[in-house]
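The values are calculated or read from the model by the stated rules, or taken from the named source; none is laboratory data. Predicted, not measured: the structure shown is a model, and the values here were computed from it. No Cβ is skipped: glycine too gets one built from the backbone with ideal geometry, and neighbour counts run over all protein chains shown. Areas reflect the complete protein model, heavy atoms only, side chains present, ligands, DNA and RNA absent. Shrake-Rupley method; radii C 1.70, N 1.55, O 1.52, S 1.80 Å.
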Amino acid sequence: NGAGTRTTNERADLRIAKQTNGPGTADNVLSASQTTVTYTLTVTNDGPDSTTGIVVNDAIPGFVTGRTTVTASTVPPGWTCATGASVICRSGTTPLANGASATIVLTVQRALFDSAGSGASTCGGVPINNAFCNTAGVGIDANVAGSVGEINTANNSASDWLQVDRVALFQIDDLVGH
């Protein structure tokens, strides 16, 4: 009967960019002495129309269930984020206008599995060795009021790499009997 469906000619072109820590790749290595890594996700609406219903998904590389802490430290007004092994952020009915951007910053606290043994591969076209390739994606939830169609899905994912160095964990027991 068509209930719950709508037709619109409005469209948006969302694109996403991902950055591990600061600009460039010099800080894409989490050394044994470092405890946190940040991911900055920037969603831009290249239009031509505004949209609601934006969904961002980012799987956290090296996540250790029950040990890794993930915080959405920067979230656009009106958006919500659920954190865990994968972070899912939603704009809900908050619109992103043509030409506007929304930034999400995720802070990840060790414990993390190390990336040693990951081997050689590429990440976003960049050769990497013994590092995780982390890809974030963006899309539009058509069930949200005010959402429009996506016109270019080719720019709906972005990748960056992270090398997580091993941390030695050990305990020394006093066997002398003090």
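Ser31 label point, 7 Å along Cα→Cβ, cut-off 19 Å on backbone N: hits in segment 43-72? Under cut-off, by backbone N: nothing.
Would segment 38-128 count as rounded, prolate or oblate if I go by the C-alpha gyration tensor, calling it rounded below 1.5 in a/c and otherwise prolate when a/b exceeds b/c, oblate otherwise? The shape class here is oblate. Between Val75 and Thr8, the contour length at 0.36 nm per residue exceeds the alpha carbon distance by 21.3 nm.
Distance from the Cα centroid of segment 92-161 to that of segment 25-59 is 6 Å (rounded to whole angstrom). Taking amide H as placed 1.01 Å from N in the peptide plane, Asn28 has no amide H partner under 5 Å among residues 5 or more places away or on another chain.
Can you give the accessible area per residue of segment 1-159, in Å², using a 1.4 Å probe?
Ligands and nucleic acids excluded, the figure is 49 Å² per residue.
Structural descriptor for segment 60-178: relative contact order 25 percent, calculated from alpha carbon pairs under 8 angstrom and at least 6 residues apart.
Across all directions, the average projected area of the convex hull around the alpha carbons of segment 1-154 is 10.8 nm².
Amide H contacts for Ile128 (H built 1.01 Å from N in the peptide plane; partners 5 or more residues away or on another chain; cut-off under 5 Å): Ser121, Thr122, Cys123. Note on the chain: with neighbouring protein chains present and a 1.4 Å probe, carbon and sulfur make up 51 percent of its accessible heavy-atom surface.
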